[in-house]
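Trainee: Supplied in structure tokens, the structure appears directly below.
The values are calculated or read from the model by the stated rules, or taken from the named source; none is laboratory data. Keep in mind that what you see is a predicted model, and the values were worked out from it rather than measured. Cβ: placed from backbone, ideal geometry, glycine included. Neighbour counts: every protein chain shown.
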């Protein structure tokens, strides 16, 4: 599908090569499974290209994505030891971000979320990573903890070659507007409907 | 989301623990991006649990999923060297399956596809892997190369604890019927619409 003629030839003054190397904003929304899972799948290709990956999990439960976290830390170690792939950083809001001096304020998720976004802004300005995964970031916008206009401006004006993948339900319309790729994951069937709980290896 | 009370308590004579450890058939359909990507994301959790993973790619282009293939081969190597995670096998129809003695018959994709399915049936009977990814397998069913009723019977009666993830557009209704989890990925926006071609690190 990456091959062949595209339906329109854009009138943006860019060559195909330039367009081919455009940094993307990717949004995975919807109520189905696979939003974050697809983001971490996408990051596999990025890692294999040697890109630096920064994951920022805007969720509180420590159990979430523990499998992916372990794998990405392993891949980061492979990179350090052999030079294969790219470097990996995995940060989670959990009970306070790893770079933060203050202990996690279990009570003030909004402040934690804002601190996460402030750090991501600094990193985007510094061009720290090539691929950013902002996992479950849509909720932070939905609840007004982080200003959507600030996010739109920051992402639109980010320098260099930096891809940003954002996951979560109900992505803000302004976010979808600036997205280059947006996919909605829709549940057709889920074991929860049959009264089945999550299981390890599948859900975490 | 893996936590908490499920909406119904099933009357299937199983304990929650038994139900929690049910092997699943997972289907990723739809026209959007992320079907295969989410499958390879899901397999990260499986690998981290030490599960044996078998990937079977029913596509012809060698470029497809090369990033994921590299990463999973790396994870397989990590497992061999350190015991971390699970073993990984990655097979692609490409120009003939790796286990097949005969050279790839570029002309007879149907025969190649049938051979792939026959091997998967043998492996399911032998309980070779814990997680099977049958990438782009829906097309093989759609085009009638492999019999849907054979697939339904085989998956329904597979022994032991084996999860099967199937990706591709237009999953057969009979496949959706036996699926435990089914997600549809719907495109909202894609750079192709703007005349942008695929780029490395993102598309492969």
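Trainee: Loosely packed, with under 15 Cβ neighbours inside 10 Å, modelled with pLDDT under 95 and away from chain A (no Cβ under 14 Å): does that describe residue B:92?
Mentor: So residue B:92 does not fit the description; no.
Residue-by-condition table, conditions (1) out of contact with any strand residue (DSSP E or B) (no Cβ under 7 Å at 6 or more places or on another chain); (2) farther than 19 Å from residue A:46 by Cβ; (3) touching a residue at least 24 places away in the same chain (Cβ under 8 Å); (4) surrounded by 22 or more Cβ atoms within 10 Å (Cβ to Cβ):
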position: A:128; (1), (2), (3), (4): no, no, yes, no
position: A:140; (1), (2), (3), (4): yes, yes, yes, yes
position: A:155; (1), (2), (3), (4): no, no, yes, no
position: A:158; (1), (2), (3), (4): yes, no, yes, no
position: A:165; (1), (2), (3), (4): no, no, yes, yes
position: A:169; (1), (2), (3), (4): no, yes, yes, no
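Trainee: Run down A:83, A:76, A:50 and say which single residue is more than 8 Å from every other protein chain (Cβ to nearest Cβ) and in contact with a strand residue (DSSP E or B) (Cβ under 6 Å, 6 or more places away or on another chain).
Mentor: A:76
Trainee: Condition first: more than 8 Å from chain A (Cβ to nearest Cβ), buried (at least 24 other Cβ atoms within 10 Å of the Cβ) and either more than 10 Å from the chain's Cα centre (by Cα) or closer than 15 Å to residue B:142 by Cα (or both). Now tell me which residues in the range B:28-39 satisfy that.
Mentor: Of everything in the range B:28-39, nothing turns out to be more than 8 Å from chain A (Cβ to nearest Cβ), buried (at least 24 other Cβ atoms within 10 Å of the Cβ) and either more than 10 Å from the chain's Cα centre (by Cα) or closer than 15 Å to residue B:142 by Cα (or both).
Trainee: Here's another thing I want to ask about it. What strands (runs of 3 or more DSSP E) completely inside the range A:107-204 contain at least 1 residues that are within 14 Å of chain B (Cβ to nearest Cβ), modelled with pLDDT of 95 or more and closer than 20 Å to residue A:94 by Cβ?
Mentor: A:131-135, A:163-167
Trainee: Restricted to the range B:56-85, and to residues that are modelled with pLDDT of 95 or more and part of a loop (DSSP other than H, G, I, E, B), which residue is surrounded by the most Cβ atoms within 10 Å (Cβ to Cβ)?
Mentor: Filtering first and then ranking leaves B:85.
Trainee: In addition: For residue B:60, indicate whether it is more than 8 Å from chain A (Cβ to nearest Cβ) and within 27 Å of residue B:160 (Cα to Cα).
Mentor: No; evaluated as a whole, the condition is false for this residue.
Trainee: Could you tell me which numbered condition residue A:12 fails, if it satisfies all but one of (1) at the interface with another protein chain (Cβ under 7 Å from one of its Cβ atoms); (2) modelled with pLDDT under 80?
Mentor: (1)
Trainee: Any residue at all in the range B:40-47 that's more than 9 Å from every other protein chain (Cβ to nearest Cβ) and either modelled with pLDDT of 95 or more or surrounded by fewer than 23 Cβ atoms within 10 Å (Cβ to Cβ) (or both)?
Mentor: no
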